[in-house]
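Reviewing the structure listed below.
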Amino acid sequence: MAFKFENLQVWQRALDLTEEVDLVSKNFPKEELYVLTSQIKRAADSVVLNIAEGCTGQTNPVFKTFLGYSLRSGVEVVSCLFIARKRKIINDADFQNLYEEYQALIKMITALRNTL
């Protein structure tokens, strides 16, 4: 693997979750395309991108900062899930699955940040 972040389990899990968010968001109504659909996808992608950016060629304090950005983006995804459920865009099963996945991911990011 060419880049350090590719070896991080937390990055790999975040990458997998962007795909799950993308699949779920494909069923969002058309009127949400430039609102909630865009927001949740950008937030999910931001988790992955900030882990990669912070990990590569940065000091530990800088990496911690980027992990903080990833954490906030993960929480943003969860908030978007709540909005989607409230608007009856996603069902309870999809909500619960992604909620639990992001809860676990956020714990992983926090644990990594605490080791630096």
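Based on what the data block shows, is residue 41 at positive phi and either free of Cβ contacts under 8 Å to residues at least 12 places away in the same chain or of a type outside the set (Gly, Ala, Ser) (or both)? So residue 41 fails the test.
Screening residue 103 with (1) touching a residue at least 60 places away in the same chain (Cβ under 8 Å); (2) out of contact with any Gly (no Cβ under 6 Å at 6 or more places or on another chain) gives one miss only, at (1). Just to verify a result, which residue in the range 60-100, among those that are buried (at least 17 other Cβ atoms within 10 Å of the Cβ) and either acidic (Asp, Glu) or in contact with an Asp or Glu (Cβ under 6 Å, 6 or more places away or on another chain) (or both), is nearest to residue 42 (Cα to Cα)? Looking at the filtered set, the residue picked out is 76.
The set of residues from the range 1-55 being of a type in the set (S, T, N, Q), more than 19 Å from residue 100 (Cβ to Cβ) and crowded, with 21+ Cβ neighbours inside 10 Å comprises 37, 50.
Does any residue of the range 1-24 turn out to be free of Cβ contacts under 8 Å to residues at least 40 places away in the same chain, small (Gly, Ala, Ser) and in a loop (DSSP other than H, G, I, E, B)? There is at least one residue in the range 1-24 that is free of Cβ contacts under 8 Å to residues at least 40 places away in the same chain, small (Gly, Ala, Ser) and in a loop (DSSP other than H, G, I, E, B).
Here's the yes/no breakdown for (1) of a type in the set (Gly, Ala, Ser); (2) over 16 Å from residue 9 (Cα atoms); (3) assigned to a helix (DSSP H, G or I):
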position	(1), (2), (3)
49	no, no, yes
52	yes, no, yes
67	no, no, yes
73	yes, yes, yes
81	no, yes, yes
98	no, yes, yes
101	no, no, yes
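Read the figures in this text as sums done on the coordinates, not as results from a lab. Treat the numbers as computed from the prediction; the structure is a model and nothing was measured. Backbone-built Cβ (ideal geometry, glycine too); neighbour counts: all protein chains shown.
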